[in-house]
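Novice: My questions will all concern the structure given below.
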Amino acid sequence: MLLTVENLKKEFSGLVALKDVSFEVPEGGITGIIGPNGAGKTTLFNVISSILPLTGGRVVFDGKDITGLPCHRIAARGLVRTFQNVRLFKEMTVLENVLTGLHAHSAEDFWTASLHLPSSLERKMEKLRQVYRILDSLDLEKHINKLPLALPFGQRRLLEIARALAARPKLLLLDEPAAGLNRSETAALAKILHRINKSGITLLLVEHDMRLVMGIVDWLIVLDAGSIIARGKPEAVRQNPTVIRAYLGEEET
């Protein structure tokens, strides 16, 4: 398994947000996490990526315990995430935003860079080529010199994904990637996520759009009140009476 979380617990001043959450994410597929508002989905992403400290439990990624490691070290190992609320550098261009995603894997030393040696220039050119390939794959290459706020919201979502891809993830955590998108944008996003997955990147996403979730995930986990209430293949989970009462029934009324 690429990711294993064991008995995760998270409390805020005595309030239990996650209670003994355990699951595995197989390498190579797309796993979805659903649940009603307040179920603990974003908190789960925050503790996995070490933005928030755990109260208990552990996180194992790619065979190594990463519990409590700093965010940048987790990202450097290949576990990268996006956010529910788009977080971009507003004063940087599209190109510059994506270049920041390469930072986790930058091994160039100060003296090599400052002396402008040929090896340093070649590495810079390779970084630019990587960024152009990513932007081209998301149809953002024509916006490279624009600031994020000049882009429609849907393209800002894609820009955040582009920056995450620049960090060369093995596992990409996507927190509600379809939030704020219209139906055609969501359909386009589904195709993009399929392409990303087919390129060899495992995906774990939190999402409310059930049409998107049921159309792309291989495995589904349902959270409610900080606990897992169901897991399995999407169609089996969809027919689970507990899930219908807790979540799907609310979506259909």
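Coordinate-derived values only; no laboratory data. On a predicted model such as this, the values are computed, not experimentally measured, just so you know. For neighbour counting, all protein chains shown are included, and Cβ atoms are generated from backbone atoms with ideal geometry for every residue, glycine included.
Novice: Which distance in Å, rounded to a whole number, links the C-alpha centroids of region 134-180 and region 218-246?
Specialist: 29 Å
Novice: Note the angle between two axes, namely the Cα long axis of helix 183-198 and the longest principal axis of the Cα atoms of the chain, as a number of degrees from 0 to 90, rounded to the nearest 10.
Specialist: 70 degrees
Novice: Could I ask something else about it? Among bridges DSSP assigns within the chain, what percent are antiparallel (round to 5)?
Specialist: On the way: 19 of 35 bridges.
If we restrict to bridges inside the chain, about 55 percent are antiparallel.
Novice: What does the charge count near PRO26 come to, summing +1 for each Lys or Arg and -1 for each Asp or Glu among other residues with Cβ under 15 Å from its Cβ?
Specialist: Taking every other residue near PRO26 into account, the sum is -1.
Novice: Highest first, please rank the peptides 155-161, 46-52, 188-194 by the mean number of other Cβ atoms sitting within 10 Å of their residues.
Specialist: Sorting 155-161, 46-52, 188-194 by mean packing, highest first, produces 155-161, 46-52, 188-194.
Novice: Along the Cα→Cβ direction, 7 angstrom out, place labels at LYS233 and ARG58. What is the inter-label distance in nm?
Specialist: That separation, rounded to one decimal, is 3.3 nm.
Novice: Sort ARG238, ARG87 so that the residue with the fewest other Cβ atoms within 10 Å of its own Cβ comes first and the one with the most comes last.
Specialist: ARG87, ARG238
Novice: Would you calculate, for the chain, the mean residue ellipticity at 222 nm contributed by helices, counting each DSSP H stretch of 4 or more residues as -39,500 (n - 2.57) and dividing by all residues, to the nearest 500?
Specialist: Computed mean residue ellipticity for the chain: -10500 deg cm²/dmol.
Novice: What ³J(HN,Hα) values, in whole Hz, does the Karplus curve 6.51 cos²θ - 1.76 cosθ + 1.60 give for region 30-41 when θ = phi - 60°, with x put for Gly and Pro?
Specialist: After applying 6.51 cos²θ - 1.76 cosθ + 1.60, I find 10, 10, x, 10, 10, x, x, 4, x, 6, x, 5 Hz.
Novice: On each of the three principal axes of the Cα atoms of the chain, give max minus min coordinate, whole Å, ordered largest first.
Specialist: So the three principal-axis extents are 63, 40, 33 Å.
Novice: Once the piece of chain linking MET210 and THR100 is laid out straight, how much longer is it, given 0.36 nm per residue of separation minus the C-alpha distance between them?
Specialist: So the chain would gain 36.4 nm between MET210 and THR100.
Novice: Further question on the same structure: Using Cα pairs closer than 8 Å and at least 6 residues apart in sequence, work out the relative contact order for region 134-253, in percent.
Specialist: Numbers: 101 pairs, mean separation 20.5, N = 120.
Relative CO of region 134-253 lands at 17 percent.
Novice: Exposure proxy check: HIS72, HIS143 ranked by fewest other beta carbons within 10 Å?
Specialist: Fewest to most other Cβ atoms nearby, the residues stand as HIS72, HIS143.
Novice: To continue, here is another question. HN-Hα J couplings of region 84-98 from phi, Karplus 6.51/-1.76/1.60, θ = phi - 60°, integer Hz, Gly and Pro as x?
Specialist: Working through the residues one at a time gives 4, 9, 3, 10, 10, 7, 5, 8, 9, 6, 4, 4, 5, 4, 6 Hz.
Novice: Greater than 22 Å separation of Cα atoms is the criterion. Which listed pairs, LYS90/LYS142; LYS127/LYS191; LYS41/LYS233; LYS127/LYS170; LYS191/LYS233; LYS170/LYS191, meet it?
Specialist: Details: LYS90/LYS142 18 Å; LYS127/LYS191 26 Å; LYS41/LYS233 19 Å; LYS127/LYS170 19 Å; LYS191/LYS233 20 Å; LYS170/LYS191 19 Å.
Beyond 22 Å: LYS127/LYS191.
Novice: Note down the net charge around LEU203, summing +1 for each Lys or Arg and -1 for each Asp or Glu among other residues with Cβ under 13 Å from its Cβ.
Specialist: Net charge in that neighbourhood comes out at 0.
Novice: How high is the FRET efficiency from LEU147 to GLU27, r the C-beta distance, R0 35 Å, rounded to 0.05?
Specialist: 0.45
Novice: How do GLU207, GLU126 line up, fewest other C-beta atoms within 10 Å first?
Specialist: On the way: GLU207 22, GLU126 11.
Fewest-to-most ranking of GLU207, GLU126: GLU126, GLU207.
Novice: If you don't mind, another one. How many nm is it between the label spots at ILE244 and GLU122, if each spot is 7 Å from the Cα in line with the beta carbon?
Specialist: 6.3 nm
Novice: Provide the per-residue ³J(HN,Hα) series for region 202-219, in order, calculated from phi with Karplus coefficients 6.51, -1.76, 1.60 and θ = phi - 60°, each as a whole number of Hz, with x at glycine and proline positions.
Specialist: 6, 10, 10, 10, 9, 7, 9, 6, 5, 5, 5, 4, 5, x, 10, 7, 9, 9
Novice: For ILE33, list long-range residues whose amide hydrogen, built 1.01 Å from N in the peptide plane, is under 5 Å from its own amide hydrogen.
Specialist: HN-HN under 5 Å from ILE33: LEU205, VAL206, GLU207, ILE221.
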